[in-house]
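For reference, the structure discussed in these notes is given below.
The values are calculated or read from the model by the stated rules, or taken from the named source; none is laboratory data. As the structure is a prediction and not an experimental result, all values here were calculated from the model. We place every Cβ from the backbone using ideal geometry, glycine too, and count neighbours over all the protein chains shown.
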Amino acid sequence: MLAETTSFTLDGISARMIRVEVDVHRGLPNFQIVGLPDAAVREARERVRAAVVNCGFEFPLQRITASLAPAELRKAGPAMDLALATALLGAAGELKIEALAGWSLIGELALDGSVRPVRGALAMAEEARENGRKGVLVPAANGPEAALAEGIAVRGIENFHELACLNEGRIPGREAIPAAVDDSGDLPDLADLRGQGHLRAAVEIAAAGGHGLLMIGPPGAGKSLAARRLPSVLPPLEGEEVLEVARIASACGIGNGRVSSVRPFRAPHHTVSAAGLVGGGSPPRPGEITLAHRGVLFLDELCEFNRPSLEALREPLENGSVTISRAKGRQTLPSRFTLVAAANPCPCGRGEEDPRCRCSEVSARRYRAALSGALVDRIDLVVAVTQPSAEALEGPAGESSAEVRERVVMARELMSERLGPGRTNSEAEPGEVADFKVTASAAGLLAEAHRSWQLSGRAHGRILRVARTVADLAGSTAIGEEQMASAIQFRRRTVQ
Ligand SMILES: Nc1ncnc2c1ncn2[C@@H]1O[C@H](COP(=O)(O)OP(=O)(O)OP(=O)(O)O)[C@@H](O)[C@H]1O
Ligand SMILES: [Mg+2]
């Protein structure tokens, strides 16, 4: 007898529908899975066998062939267990699976029959809807997340034995309730950063306009402290963005199915490989930049990162996405993030100006190579951080994140009006930059900087984008002289 169900496999961060056909035939007992299964899918045989028996069903001692289609697509992970077991019992005549016509099944089976959560349940439920499925049976633990997909029925099940109700013509499981969006990120507050007015201003501008930020300064001045507080001044994720971020987190198995409106913050260690940073491997997996999508990627100790990793960041920084090519096709993953980086000026960290610095010219130059490359040319704001004074450290706390965020949100509203919903000044196209209103004196200032520093075309556009953000924070329609000056000085260090 033959029976068919449908399930899903993950391909990067998107789900692909798989037809699971099982044929049970008389012959020597045997269980085979064909259709490019990976190790986890092949092992499904053992899980399915144990779950079926432990849930009180009979495992057919016959010749069983399971085929996963489309055959050319590599199937990965254990999410197809439930569909396999169901089709198997359907083919053996033990379950009346007709009631499940139009439904898809996802879930990993434990040996006792419990249905374990899988990665990518949200993407799978959405793909089920795109394929015109009526509903999807998911592990109960994935229910809230999968139910965020609108326009499709989602039911959560805890144990395989619940499927016995199919024989009474009922759909198993319980209707899943969509997850509530959690906005209570317990984030560290910007009030902790004392003094450092210049750095504070840069953090605020970076948050408002989505501009990249590089902090260069001696150890213990508050660079990492400031970077880790950036998420607390960013506006929360909205609408579709929440789903986009949840979909990525779910496919990568992070966040425990929590759906949050707090922007992601990723801080990979400097030993990360290029593939770990931008994505890759076989099968291709999303990298840190995709996990940081719509949030912040923080590269602490920038000079310690290896060159290929940093070079690999250039394309995604420019495009907001990364394309990974492999023998079996290519994949484009989203990666629209704000880059924040911190570095010491030389290996000892004190900088050449400090008489205690003993670094040789050669070692300092080699160390700084990462700071002069094409990557840094793509960072809008460069801040030279100095040690905070004793008065500043003992003085009153600075402005809190909530106060700063209010201005950031207002500035972002102006940007959305100008550029379209959700877009920031750092993403403005050249044509849009040309439309920015600039006062005559501000234009004069930029022309002067251009002449004396021989700015690149890119640098010119970037100064204008930062100046636009400074003006938006001040609520002014045209970019004034003061705002232009402020943008120029954040560029200075890279130009020299
Ligand atoms: N401006 C500051 N305001 C308040 N605390 C500060 C400030 N600067 C440094 N500190 C204190 O010093 C600690 C170290 O600061 P932080 O880790 O930010 O240094 P850093 O600039 O990243 O140094 P490194 O270059 O060594 O990474 C902080 O956890 C904080 O307690
Ligand atoms: Mg640090």
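What residue, of R350, R366, R307, is free of Cβ contacts under 8 Å to residues at least 12 places away in the same chain and more than 19 Å from the chain's Cα centre (by Cα)?
None of the others qualify; the one that does is R366.
Condition first: of a type in the set (D, E, K, R), assigned to a helix (DSSP H, G or I), closer than 24 Å to L193 by Cβ and touching a residue at least 24 places away in the same chain (Cβ under 8 Å). Can you find one or more residues in the stretch 407-420 that meet it?
Yes: one or more hits.
Please work out which residue is nearest to ligand 1 (Cβ to nearest atom), limiting yourself to the stretch 227-260 and to residues that are over 20 Å from G209 (Cβ atoms) and of a type in the set (S, T, N, Q).
Across the stretch 227-260, the extreme among qualifying residues is S260.
State the number of residues belonging to the stretch 208-226 that are more than 8 Å from ligand 1 (Cβ to nearest atom), closer than 25 Å to A474 by Cβ and in contact with a strand residue (DSSP E or B) (Cβ under 8 Å, 6 or more places away or on another chain).
5
Report, by residue number, each residue of the stretch 429-441 that is surrounded by 13 or more Cβ atoms within 10 Å (Cβ to Cβ) and under 30 Å from N319 (Cβ atoms).
Result: E432, V433, F436, V438.
Of the residues T439, T424, T477, which is hydroxyl-bearing (S, T, Y) and either under 30 Å from D183 (Cβ atoms) or without any contact (Cβ under 8 Å) to a residue 40 or more places away in the chain (or both)?
The conditions single out T424.
Just checking, which of E304, E288 is assigned by TED's automatic domain parsing to the domain that holds L317 and surrounded by fewer than 17 Cβ atoms within 10 Å (Cβ to Cβ)?
Unique residue meeting the criteria: E304.
What about G93, is it in contact with a Pro (Cβ under 9 Å, 6 or more places away or on another chain), surrounded by 21 or more Cβ atoms within 10 Å (Cβ to Cβ) and at positive phi?
Criteria not met by G93.
Name every residue in the stretch 223-265 that is assigned to a strand (DSSP E or B) and either free of Cβ contacts under 8 Å to residues at least 12 places away in the same chain or away from ligand 2 (no atom under 16 Å from the Cβ) (or both), in order of residue number.
S260
Taking the stated definitions as given, is S456 touching a residue at least 24 places away in the same chain (Cβ under 8 Å), within 22 Å of R378 (Cβ to Cβ), touching an Asp or Glu at 6+ places or on another chain (Cβ under 8 Å) and surrounded by fewer than 17 Cβ atoms within 10 Å (Cβ to Cβ)?
Here the answer is yes, as S456 does meet what is asked.
Find the residue count for the stretch 181-215, including only residues that are part of a helix (DSSP H, G or I) and under 20 Å from A341 (Cα atoms).
15
Considering only the stretch 353-362, I want to know if a residue exists there that is part of a helix (DSSP H, G or I), surrounded by 12 or more Cβ atoms within 10 Å (Cβ to Cβ), touching a residue at least 60 places away in the same chain (Cβ under 8 Å) and more than 25 Å from the chain's Cα centre (by Cα).
No, there is no match, as no residue in the stretch 353-362 is part of a helix (DSSP H, G or I), surrounded by 12 or more Cβ atoms within 10 Å (Cβ to Cβ), touching a residue at least 60 places away in the same chain (Cβ under 8 Å) and more than 25 Å from the chain's Cα centre (by Cα).
For residues that are at pLDDT below 95 and not in a helix (DSSP H, G or I), scanning just the stretch 157-173, find the one that is nearest to the chain's Cα centre (by Cα).
Out of the qualifying residues, it is G173.
Would you pick out the residues in the stretch 251-286 that are within 14 Å of V322 (Cβ to Cβ) and small (G, A, S)?
Hits for the stretch 251-286 are A274, A275, G276, G279, G280, G281.
With the condition kept exactly as written, say whether any residue in the stretch 454-464 is touching a Gly at 6+ places or on another chain (Cβ under 6 Å) and not aromatic (F, W, Y).
No.
Residue check, A44 against (1) closer than 16 Å to A128 by Cβ; (2) at pLDDT below 95; (3) touching an Asp or Glu at 6+ places or on another chain (Cβ under 9 Å), all met but one. Which one?
(1)
Out of A369, A343, A384, which single residue is assigned by TED's automatic domain parsing to the domain that holds P264, surrounded by fewer than 19 Cβ atoms within 10 Å (Cβ to Cβ) and modelled with pLDDT of 80 or more?
Being assigned by TED's automatic domain parsing to the domain that holds P264, surrounded by fewer than 19 Cβ atoms within 10 Å (Cβ to Cβ) and modelled with pLDDT of 80 or more holds for just one of A369, A343, A384, which is A384.
Just one of the numbered conditions (1) β-branched (V, I, T); (2) surrounded by 21 or more Cβ atoms within 10 Å (Cβ to Cβ); (3) in a strand (DSSP E or B) is not true of T323; which one?
Among (1) β-branched (V, I, T); (2) surrounded by 21 or more Cβ atoms within 10 Å (Cβ to Cβ); (3) in a strand (DSSP E or B), T323 violates only (2).
Matching residues to (1) farther than 24 Å from R465 by Cα; (2) in contact with a Cys (Cβ under 6 Å, 6 or more places away or on another chain); (3) of a type in the set (G, A, S):
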site: R294; (1), (2), (3): no, no, no
site: C303; (1), (2), (3): yes, no, no
site: T323; (1), (2), (3): yes, no, no
site: A341; (1), (2), (3): no, no, yes
site: C359; (1), (2), (3): yes, yes, no
site: L371; (1), (2), (3): no, no, no
site: I379; (1), (2), (3): no, no, no
site: E394; (1), (2), (3): yes, no, no
site: S400; (1), (2), (3): yes, no, yes
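Given (1) crowded, with 18+ Cβ neighbours inside 10 Å; (2) among the basic types (K, R); (3) within 16 Å of ligand 1 (Cβ to nearest atom), identify the lone condition not met by R336.
The failed condition is (3).
With in a helix (DSSP H, G or I), aliphatic (A, V, I, L, M), more than 30 Å from E244 (Cβ to Cβ) and touching a strand residue (DSSP E or B) at 6+ places or on another chain (Cβ under 9 Å) as the only criterion, which of L393, L446 stands out?
Criteria check complete, one pass: L446.
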